[in-house]
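Report on the following structure.
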Amino acid sequence: MCDKNDLPAAIDAYNHALAIDPKYAIARSNLASAEKLLALEKRLPGVLQGEAASAADLLALADLCQRHHKRYRSAAELYAKAFAADPSAAVELGKTHRFNAARAAALAAAGKGTEADKLEEKDQTRLRQQAFDWLQVDLAVSTRLLEKNPVQVHIDVQHWQRDAALAGLRDDTELAKLPAEERAAWKQFWGEVESLAEEARARSE
């Protein structure tokens, strides 16, 4: 039910399930998750208007916007605030916050999500640049990781090459709509990604 964004109904359902069977572990876990999401949801308007929040909370709110509400522009803004508040948040072990941030910015720039009608051309340009900057950092990180773990690098860059969220910044038909300088920068980036993918594949064999 959480995925349908009907959090109060989900909480009621989990509480009902636990009333019937207090040992129902899945319901208890899902209840805790739904309650956490609801608490975050209540904080979202204030944080978007400038209310102080920790980097961890900003990341959680960004994920809420991106995965549950398709508010990609807001998600990108929250990710940016989280990384500014704590640069280490972008490279949290076992997480892909920076890549998720790039996906959110790319989707927003492409006019996807519930906030698409609020975007002007200058906003789209800024979001594409934000996605570019985040992906460039991830490319540099993956390049440094190549010698140590080429298999993981190959998996990661293949995902970049296939991820539908990045289609507006990768596919030729979409790139053709961009200004020449921006289009050239993206083509160079994806060329570098392809070169890294080939190198990682060769080292993995």
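Only one of (1) of a type outside the set (A, V, I, L, M, F, W, C); (2) open to solvent by less than 70 Å² (accessible area, probe 1.4 Å); (3) touching a residue at least 12 places away in the same chain (Cβ under 8 Å) fails for residue 81. Which number is that?
All conditions pass for residue 81, except number (2).
Given the residues 186, 134, 190, which is the only one that is among the aromatic types (Phe, Trp, Tyr), out of contact with any Phe, Trp or Tyr (no Cβ under 8 Å at 6 or more places or on another chain) and crowded, with 16+ Cβ neighbours inside 10 Å?
Of the residues listed, the single one that is among the aromatic types (Phe, Trp, Tyr), out of contact with any Phe, Trp or Tyr (no Cβ under 8 Å at 6 or more places or on another chain) and crowded, with 16+ Cβ neighbours inside 10 Å is 190.
Give me the pairs, please: first residue somewhere in segment 47-61 and over 14 Å from residue 83 (Cβ atoms), second residue anywhere and not in a helix (DSSP H, G or I), beta-carbon distance under 8 Å, and either six or more positions apart or on two chains.
Listed pairs, sorted by first residue: 47/53.
Look at segment 159-178 and say how many of its residues are open to solvent by 50 Å² or more (accessible area, probe 1.4 Å) and either polar (S, T, N, Q) or in contact (Cβ under 8 Å) with a residue 24 or more places away in the chain (or both).
Of the residues in that region, 3 qualify.
Quick one: in segment 92-128, which of the residues that are farther than 19 Å from residue 164 by Cα and aliphatic (A, V, I, L, M) is modelled with the lowest pLDDT?
My answer is 93.
Identify, please: which residue in segment 19-35 is more than 20 Å from residue 68 (Cβ to Cβ) and either in contact with a strand residue (DSSP E or B) (Cβ under 7 Å, 6 or more places away or on another chain) or among the charged types (D, E, K, R) (or both) and is, among those, least open to solvent (accessible area, probe 1.4 Å)?
Here the residue is 21.
For segment 177-198, which residues satisfy the criterion of being under 24 Å from the mean Cα position of the chain (by Cα) and not in a helix (DSSP H, G or I)?
Selection gives 177, 178.
Of the residues that sit in segment 46-71 and are charged (D, E, K, R) and open to solvent by less than 60 Å² (accessible area, probe 1.4 Å), which one is nearest to residue 111 (Cα to Cα)?
From segment 46-71, those charged (D, E, K, R) are 51, 57, 63, 67, 70-71; that's our starting set.
This time we only want the ones that are open to solvent by less than 60 Å² (accessible area, probe 1.4 Å), so: 57, 63.
Working: 57: 26, 63: 19 Å.
Within segment 46-71, the match that is nearest to residue 111 (Cα to Cα) is 63.
The values are calculated or read from the model by the stated rules, or taken from the named source; none is laboratory data. From a predicted model like this one, the values you see are computed outputs, not experimental measurements. Counting neighbours? That spans all protein chains shown, and the Cβs are built from the backbone with ideal geometry, glycine included. Heavy atoms of the whole protein, side chains included, go into the accessibility calculation; ligands, DNA and RNA do not. Shrake-Rupley method; radii C 1.70, N 1.55, O 1.52, S 1.80 Å.
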